[in-house]
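All remarks here apply to the structure that follows.
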Amino acid sequence: MTIPAWLARAVESSRDGASSGIPKGGKASLDKFLSELQEKARPDQLAAIEQFKADFGPSIVDGGFMRQNVADGVLTFLSSQVGSRRSGPIQIRDENGQSVTATRYGPLPRSADNVYVPPADGPPARGDEPELMHKSHILFRDPETGEAYVLPWVRGASEDHVPGSQARPDEEAVPPEATPARKAIEAAPPTTYSLQQVRNLRQPEKWKAGELYTRELNGSTGEAHFPVEANPSGTYPVFGEGGRYVDAPVFKSQDEIEAIEVKTYHRWTTINGVAQMREVPLTAKLQEQINKDVALRNENPGYQPRWVFLDAPPSAELQQALDDARIIGNIFGHNTPAAAAARPQSAATEAGQPRTLRLQDESGKVIIATMLGTEPTSPEQVYVPPSDGPRTPGDAPEVADKTHILVYDPDTGEPVVLPWIRGASGDRALTRDGVRATPLDQVPDLVMGDFQPNQIPWLKREQVAELTEQQFRDMDQAGLLPYLTKSQLRGIPKAKIGYVNIAGLGEKQIPWLTEGQIRNATGQQFQDLGKAGLTPHLTKPQLQAIKGDKVEFVDVSKLDARQVPWFKSGQVAKFTSPQFEDLGKAGLLNHLTERQVPAIPEPIVGSVEVAKLDPKQVPWLTGKQIPVLTRDQWGAFTIHHIEALTQPQIEVVTPKQFEETSPGQFRKFTPEQFEWMNWDQKNALSVLQLTTFRATHKKAMTPDQATSVDLALSHARMRENAQALATFGGMSTTSYMLWSSLPPTWTATAGAVAFGVRGFVFGAQAIFPGATANHKPFGRFLNALGGATFIAAAPGAATGMIQGKDLVVNSTFSLGNIVYGTKSMLQSFTGRPVIRNLAEYLAGPGYVLGCAVYTLHSWPAPIATVAGTMFTFGCAEFWASAIRTDRMNRRSVPRTDADIAAAEKSDKRWAALDRWTLGITFGVGMLLFSLDSLLAEPWDPKTTPPPDPKKPDGDGSSKQPDDPSDVPGEPHIPGEDFPQLVVVTDDGLNLRTQPAGDSPVVTVLQPGTFVEQTAKPSTDPSGEAWIPVEGFGPDGKMHGGWVSGDYVEVHPEGSSNSEGRTNPTLEKDGYRWVEVKDGDSIRLIAKAHSADVAATVVLNMDHILSPDMIFSGDRIYLPANSIG
């Protein structure tokens, strides 16, 4: 501490008894020095500054002299400004009159004059002499080192008093047998505190002294940390990473450790004037310490935990927990631990060997009372309350000399003598002046549970700052926290706010909490605030003061709408998924601001109910948040949300997200937004998405927009058709091999079983519509399983049709089997609806006709007739549902809440009807078909008839196992006309000599090259389809060979010659053309001939599939209105 130079010289001179002059300006420099100290002083230091000003300020004047008592007062004052509130240096004069520096423990004396200095020779004073009543402290010297200490002078507890004795006149000798012999443990090392001193201290000094005492007693070097790994599933679970802090570990060797845990809980307390014994309870924290001790012992058998109880003994539950964990527990000063089912005993009995005192009441009746705590110096210092009538107030003059009080044990009625703590028992009413006069160092002794609500505001702000955790807990249990004033509440140090149950405060008090207190609040406190419904009362500065690691504990569901925008973007970034879900359920997401929405972390975006955002908030979603939106989130968007998407947002939507969007949801996009989509995004769209979109916006689209949609639709159709053909090819090949290689009994049985399996598939899809959706794993499995049943059962109807039997039934069933079998299998691959129009408007009506005729032919067979009728009704309902869906899609998307609700109601009604139809008519119908077939015992060769051409089997195969062209002796059927194909790869396609991936390459066909298929495809051992083709290569020559079926598509338009690609149709119509040269592009050619680029692209799209990829020799045709 830096002090004025003149003050240092004056104090130094005073050590020798000399007086120093106070220079001119000394008073001003002292005042400045004191004001600087006040800026960073603790409450106790502030009190010391004010006391110094009052006592010695008038004595320090410029030009005067600093007397000895003033210098001593300065030294005492300076001692209060260094060190801690409980300890520090102090300058006094010893028994020889010399100035010495002593170490102060406990509260600071008012001045050095208040310190009693025992004489150098002769007995010390007893402490009750009238001339020493102003002495509050005593000088004590260590008998071994001679070091000086200044301690609070507790009368009746000095070493000259023999504990357990009764006061006797000075002239009366003490019998030898009455003097207890002190036991000495020769091996015990000296300790700073005795055990009794530790017990007499208040917290937190008590636990610090207790740990020091135990360390010195056992030779421990100090607290140590032992890492403990998390093990939540063990017998003694350890949750979370961390470790174990051991109070007094003794390292006997490298591996052998005696881990001593010290407990210094108070043994006794006084409540309403009655002695109450306390025990150490088994709390969650102590159980965690036990668990960690066991974990460390299991890891290292040399780790031996030992728990030491210096004052209060363990409770029965804690003792049992220690015994179960095989941990030693040492209870100092108590013979036995608590019993599990202890009977009520007196306070004296539980304290061990009683110390008694002989007293008399007002009638002269002798009372033998047990003494607890410090003992009185004589029976006259014990106040004995009257047996009837009110007690004398504790501040009455007639009881000013009374240091103890007689009370009665509430359970046994036994008399007990306790120290009389004024104002801390219920023997008198507290006064405002008495409460406010309580010194700060005595505030922790106040029994807050005895206060009345109207007395709480009497406490000073600095007194509230000194309350302990137990006192705040007592206030909470007594319901006194709501009576704290604004000044008191703000006076609670932020380091102590964790002691306060802020959920027990009143609504008006919550805004009084400071930002520093909120910043130091625990996660549990924020959770309790939410449970108490107090979160809506937090102010903007308070919410913004919540630390990032505590934000997750805030119950956002209880927030008020006005509070949501107050959170900082960094705090929003710390919200958890459940918190965002709670915001959505509470309808608060639409209150997030433009700076908060972009702060939502990308991994969390998927848990946000973005459909509950206001449409005006949608443009705030960032380019990193849009790509992580899930299928369900896109599906929940209203038309207003989708129309609010900006061009930069549309551009970052992934092709997969567009692919997963339902047709009904995709039609909510505007034609302008469709133009913002890039080619990859458009290429991900399905035929059903594009046809639905075109039907919705047909009247609103411009010609350019319609052309763009048609172009995307054309590519989608080519891709879907190629996929369908490839799928059908594989299924028909498998079906042909199955029916041609297996015995008829096997195939007939397999077909009958397949009907039953398909019935199970239809039933599962009807009962679990959500889990069996096309994109769900279970839905894909069921689609694949359904497709497999078509492979097994379809050839029955196809064979009958080829043989000319019942052509109406077999031809319509074969058509339906081809379409629906291919559709089912392909949907298992793509996860979305395919060839929908072909299925609903061609195969569906065909099934209706075939099933109706089948039902008529089956009469009066009961099973077949019922199954046919059900199937007829089911096919008709699905056909009607498809017509209704298309009509709805041709209308504009509902925009108002009423229209949206009406549309959703109608959709739910039709969806329910579709599910009932699917489950009953198709599911049960197929099971009846299966039953009808199995009753014929197809596995028996004697009973197996030829395939019944009238059986509906819903297969999608078109390749017939009994194709007449493959049967010897049958008339030759002319060869098939094969389609023109186009190469759809972006980097060319190998033309190989054989249908195998490892065969030699003839040439590499350029992207977009037209080739002619020359024969039927072939399949290699891996299952890959190869197609024989011929066409012009890059060298302008005609080549023939095999190409992979995965990289070509049917494309009847356009043609090619030795020079490049052409369009005979356009040439026939008279369109002019330009031959492409190296370096040309469609854009350059169109600009060079004053033609519209878009019109030129559209005109040439039949033979130029990718406008960005043209080759030398290709012909680019110009629109009719172009010139030049």
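The values are calculated or read from the model by the stated rules, or taken from the named source; none is laboratory data. Please read all numbers here as calculations on a predicted model, not as lab measurements. Cβ: placed from backbone, ideal geometry, glycine included. Neighbour counts: every protein chain shown.
With the requirement that a residue be in contact (Cβ under 8 Å) with a residue 40 or more places away in the chain and either over 14 Å from CYS851 (Cβ atoms) or not assigned by TED's automatic domain parsing to the domain that holds PHE878 (or both), what does the stretch 914-923 give you?
Those that are in contact (Cβ under 8 Å) with a residue 40 or more places away in the chain and either over 14 Å from CYS851 (Cβ atoms) or not assigned by TED's automatic domain parsing to the domain that holds PHE878 (or both): ARG915, TRP916, LEU918, GLY919, ILE920, GLY923.
Can you pull out every residue in the stretch 799-811 that is of a type in the set (Val, Ile, Thr) and more than 10 Å from VAL853 (Cα to Cα)?
Matches in the stretch 799-811: THR799, ILE802.
Taking only the stretch 1082-1115 into account, find how many residues are assigned to a helix (DSSP H, G or I), of a type outside the set (A, V, I, L, M, F, W, C) and farther than 27 Å from LEU1005 by Cα.
1
Can you go through ALA911, ALA903 and tell me which one is surrounded by fewer than 16 Cβ atoms within 10 Å (Cβ to Cβ), aliphatic (A, V, I, L, M), assigned by TED's automatic domain parsing to the domain that holds GLY759 and without any contact (Cβ under 8 Å) to a residue 40 or more places away in the chain?
Only one candidate qualifies: ALA903.
So which residues in the stretch 514-532 are surrounded by 14 or more Cβ atoms within 10 Å (Cβ to Cβ), within 17 Å of LYS558 (Cβ to Cβ) and not β-branched (Val, Ile, Thr), if there are any at all?
Within the stretch 514-532, ALA521, GLY523, GLN525, PHE526, GLN527, ASP528, LEU529, GLY530, ALA532 meet the criteria.
Applying the selection to the stretch 26-54, what residues are within 46 Å of the chain's Cα centre (by Cα) and more than 14 Å from GLU462 (Cα to Cα)?
The answer is GLN38, GLU39, LYS40.
For the stretch 1040-1062, does any single residue satisfy the condition of being part of a helix (DSSP H, G or I) and of a type in the set (Asp, Glu)?
yes
Only one of GLU1030, GLU1012, GLU1024, GLU1067 is assigned by TED's automatic domain parsing to the domain that holds ASP1102 and surrounded by fewer than 18 Cβ atoms within 10 Å (Cβ to Cβ). Can you tell me which?
Checking each option against the conditions leaves just GLU1067.
Is there any pair with a first residue in the stretch 210-237 that is over 23 Å from SER253 (Cβ atoms) and free of Cβ contacts under 8 Å to residues at least 24 places away in the same chain and a second that is among the aromatic types (Phe, Trp, Tyr) and loosely packed, with under 12 Cβ neighbours inside 10 Å whose Cβ atoms are under 9 Å apart and which are 6 or more apart or on different chains, and what are they?
From the stretch 210-237, the pairs are ALA230/PHE239; PRO232/PHE239.
Which of the residues spanning the stretch 869-884 are within 14 Å of VAL924 (Cβ to Cβ) and either of a type in the set (Ser, Thr, Tyr) or in contact (Cβ under 8 Å) with a residue 60 or more places away in the chain (or both)?
THR869, PHE871, THR872
Somewhere in the stretch 333-340, is a residue surrounded by fewer than 19 Cβ atoms within 10 Å (Cβ to Cβ), at pLDDT 80 or above and not polar (S, T, N, Q)?
There is no residue in the stretch 333-340 that is surrounded by fewer than 19 Cβ atoms within 10 Å (Cβ to Cβ), at pLDDT 80 or above and not polar (S, T, N, Q).
In the list THR593, THR535, which residue meets the criterion of being of a type outside the set (D, E, K, R), surrounded by fewer than 17 Cβ atoms within 10 Å (Cβ to Cβ) and touching a helix residue (DSSP H, G or I) at 6+ places or on another chain (Cβ under 6 Å)?
THR593
Quick test for you: out of VAL982, VAL1004, pick the one residue that is touching a His at 6+ places or on another chain (Cβ under 6 Å), within 20 Å of GLY1060 (Cβ to Cβ) and not assigned by TED's automatic domain parsing to the domain that holds ASP1108.
VAL982
Out of the stretch 638-651, which residues are crowded, with 16+ Cβ neighbours inside 10 Å, more than 16 Å from PHE674 (Cβ to Cβ) and not hydroxyl-bearing (Ser, Thr, Tyr)?
Selection gives HIS641 alone.
For ALA706, indicate whether it is within 30 Å of ILE1027 (Cβ to Cβ) and either at pLDDT below 90 or surrounded by fewer than 20 Cβ atoms within 10 Å (Cβ to Cβ) (or both).
no
On the given criteria, is ASN291 in the same structural domain as GLY240 (by TED's automatic domain parsing), surrounded by 20 or more Cβ atoms within 10 Å (Cβ to Cβ) and part of a helix (DSSP H, G or I)?
It is true that ASN291 is in the same structural domain as GLY240 (by TED's automatic domain parsing), surrounded by 20 or more Cβ atoms within 10 Å (Cβ to Cβ) and part of a helix (DSSP H, G or I).
Might you let me know whether the stretch 1084-1092 holds any residue that is over 27 Å from GLY729 (Cα atoms) and in contact with a Phe, Trp or Tyr (Cβ under 9 Å, 6 or more places away or on another chain)?
No, the stretch 1084-1092 contains no residue that is over 27 Å from GLY729 (Cα atoms) and in contact with a Phe, Trp or Tyr (Cβ under 9 Å, 6 or more places away or on another chain).
May I ask you to list the residues in the stretch 402-421 that are part of a loop (DSSP other than H, G, I, E, B) and modelled with pLDDT under 75?
Across the stretch 402-421, the qualifying residues are ASP409, PRO410, ASP411, THR412, GLY413, TRP420, ILE421.
Of the residues that sit in the stretch 765-782 and are of a type outside the set (D, E, K, R), in a helix (DSSP H, G or I) and more than 28 Å from VAL853 (Cα to Cα), which one is nearest to the chain's Cα centre (by Cα)?
Looking at the filtered set, the residue picked out is PRO777.
Considering each of ILE600, ILE604, ILE626 in turn, give the residue that is over 21 Å from the mean Cα position of the chain (by Cα), of a type in the set (Val, Ile, Thr) and crowded, with 16+ Cβ neighbours inside 10 Å.
After applying the criteria, what remains is ILE626.
Out of ALA771, ALA788, which single residue is without any contact (Cβ under 8 Å) to a residue 40 or more places away in the chain and out of contact with any helix residue (DSSP H, G or I) (no Cβ under 7 Å at 6 or more places or on another chain)?
ALA788
Taking the conditions exactly as written (within 16 Å of ARG306 (Cβ to Cβ), surrounded by fewer than 21 Cβ atoms within 10 Å (Cβ to Cβ) and in the same structural domain as LEU282 (by TED's automatic domain parsing)), does TYR213 satisfy them or not?
So TYR213 fails the test.
Can you name the number of the only condition in (1) of a type in the set (D, E, K, R); (2) out of contact with any helix residue (DSSP H, G or I) (no Cβ under 9 Å at 6 or more places or on another chain); (3) under 18 Å from VAL1098 (Cα atoms) that LYS699 fails?
With (1) of a type in the set (D, E, K, R); (2) out of contact with any helix residue (DSSP H, G or I) (no Cβ under 9 Å at 6 or more places or on another chain); (3) under 18 Å from VAL1098 (Cα atoms) applied to LYS699, the lone miss is (3).
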